[in-house]
């Protein structure tokens, strides 16, 4: 199972705790994880990536295994520790004023 | 017994205030959607327990929430606002063309006859319509065909912020956009035309006959006279007696004719309210005195309403959607400030009380009059 950590606002919106466990059948990539996340929680559509372009929203960041994955291609394979559920895929609200 | 429900959108959540017809003591619920910007909430005139809310942040984008129990519980609805066809471009601040990009919903206007039909005014400016209670949205693209390439953002963004539905003609809708102007459809939103003749924007526009490009801040009408429109423009308070065909200035003796909101008394179609702001560069009341101005003559002659409002050292603003009236007798008038205060006058503006003092910056105020 893949472990995804969501920021507080999205946890409230989806009605989940800090971590979400997802089954991802395909190659485990940021896109595959987000597809599975949005399929399970449709209310999150549009909150992490634009519904039309599928581009990551500007003030959302992705981290995994201590690395910033925000600027990696959405189809780049994630590390084995994420695939095996040892490390989470983190969706983070970027630091920005307000 | 009648009561009122005041729906307040703020920079960090929504609040609902309820009171009986005396409007002296208030129950508060909120913050709803804490931490999110709530640009607007509005209830259906057909089913007051149905309330729509626009929820957004710069981080996580736009959501639409709907309540069917008067604001106690909420359900996220559809949030896909996709422009029809190729979105095209509009004018940017530097005069170049810039792609149309959806940013947020500024205003939600429920239908006067069908609780499942609701309009959304968005930034970048466009009008969307839902006929399934907010689950899906479809643009009315004819609006942007009215010289949309010449529209440009105001300082707050290029937003469609005003939607007025004509109670006497379901095919007629008025909208206003900063900074494009006012527009009207007479065929239910298929085709539109600008209604900006008589508006003057000498420092922003090249010619006095410019059809689009005016920075309209707000518009209001009385439901019994939908052909009479009142407008608070960037500068100037304006009036039209022919559904927007021609406008004339009614700023009269106002201390400043710059401002954002404008409202009409519930029972007196010639009584209107504005909140003058010092200037386009100083968004606070002249002389540090928070004064609502009332005209009982449909503009031209104005009186300051100050009883209960701060008359020194007050430097808040009142945004365009942050003033509303109830339908009780006497008519109640409400407004919220960027300083987080919400004021109520239960007697048409003669006396004001503070119903909230320390909210986040208030974006919008709407009032429901409940049987």
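Just so you know, all these numbers are worked out from the coordinates, no wet-lab data involved. These figures come from a predicted structure and were not determined experimentally. All Cβ positions, even for glycine, are placed from backbone atoms using ideal geometry, and neighbour counts span all protein chains on display.
Observations
- Hull volume in cubic angstrom per residue (convex hull over the Cα atoms of the stretch A:2-93): 89
- The protein assembly as shown: projected area of the alpha-carbon convex hull, averaged over directions, in nm²: 22.1
- Residue B:150 versus residue B:22: modelled label distance in nm, points set 7 Å from Cα along the beta carbon direction: 5.6
- Cα centroid of the stretch B:257-309 to Cα centroid of the stretch B:52-118, whole Å: 29
- Mean residue ellipticity at 222 nm, helices only, the protein assembly as shown: -1000 deg cm²/dmol; runs of at least 4 DSSP H residues each add -39,500 (n - 2.57), and the sum is divided by the number of residues.
- Where a label projected 7 Å from the Cα of residue B:2 along Cα→Cβ would reach, residues of the stretch B:289-333 with amide N under 19 Å: B:324-333
- Extended-chain gain in nm, criterion 0.36 nm per residue less alpha-carbon gap, residue B:68 and residue B:303: 80.6 nm
- Averaged over the residues of peptide B:75-81, the number of Cβ atoms from other protein chains lying within 10 Å of each residue's Cβ is 4.
- In plain terms, if you count all Cα to Cα distances in the stretch B:318-360 and split them into 10 Å steps from zero, the share in each step is 32, 53, 15, 0 percent.
- Kirkwood radius, the stretch B:53-112, all distinct C-alpha pairs, inverse of mean reciprocal distance: 14.0 Å.
- Spin-label pair residue B:191/residue B:350, simplified geometry with 7 Å Cα→Cβ offset, distance in nm: 5.0
- Pairs of Cα atoms farther than 28 Å apart, the stretch B:3-370, %: 38
- Shielding by partners for peptide A:49-58, expressed as the average number of C-beta atoms from other protein chains within 10 Å of each residue's C-beta, is 3.
- Spin-label proximity, residue B:282 to the stretch B:300-315 - amide N less than 16 Å from point 7 Å beyond Cα toward beta carbon: B:312-315
- Legend: mean number of C-beta atoms from other chains within 10 angstrom of residue C-beta atoms, peptide B:58-66, equals 6.
- Once you reduce the stretch B:133-171 and the stretch B:184-234 to the center of their Cα atoms, the two points are 12 Å from each other.
- Where labels lie 7 Å past Cα in the beta-carbon direction, separation of residue B:246 and residue B:116 in nm: 4.4
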